[in-house]
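Asks: Quick one: the structure is below, and I'll ask about it shortly.
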Amino acid sequence: MSKPSIFKVLPIYLQPRILSAVSYIHVAPSQEIGLERINKVSRKLSNREMLYVLSLLAFDNLLDIVKDSPDFEKFVNVKRTIH
């Protein structure tokens, strides 16, 4: 009886092929090379997988946008009063 691979229980966006693509694109030394890498990776991954790759690359910016939103500020204030 073989153990299930840990990767099989992770969501698709945390699969090694997705994270490898994110890392490969993220460490590009310039925006131009980054765009070339996105094109290269997109030939090997499905559209859905590319959606995950690009979403993870944009995640930090998204967090900054959310952090500065009035809704998040309300959430933080409510959380402080609960504790």
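Asks: Assuming Asn61 fulfils every condition listed in (1) assigned to a helix (DSSP H, G or I); (2) in contact with a helix residue (DSSP H, G or I) (Cβ under 8 Å, 6 or more places away or on another chain) apart from one, which condition is it?
Replies: (2)
Asks: Name the one entry in Ile33, Ile65, Ile38, Ile18 that is in contact with an Asp or Glu (Cβ under 8 Å, 6 or more places away or on another chain) and of a type in the set (Val, Ile, Thr).
Replies: Answer to the selection: Ile18.
Asks: Here are some conditions: (1) outside any loop (DSSP other than H, G, I, E, B); (2) surrounded by 10 or more Cβ atoms within 10 Å (Cβ to Cβ). Asp71 meets all but one. Which one does it not meet?
Replies: It is condition (2) that Asp71 fails.
Any read-out appearing in this document is the output of simple, stated calculations on the displayed coordinates, not a laboratory observation. Since the model is a prediction, treat every value here as computed from it, not as a measurement. In this analysis, Cβ positions are derived from the backbone assuming ideal geometry, glycine residues included, and neighbour counts consider all displayed protein chains.
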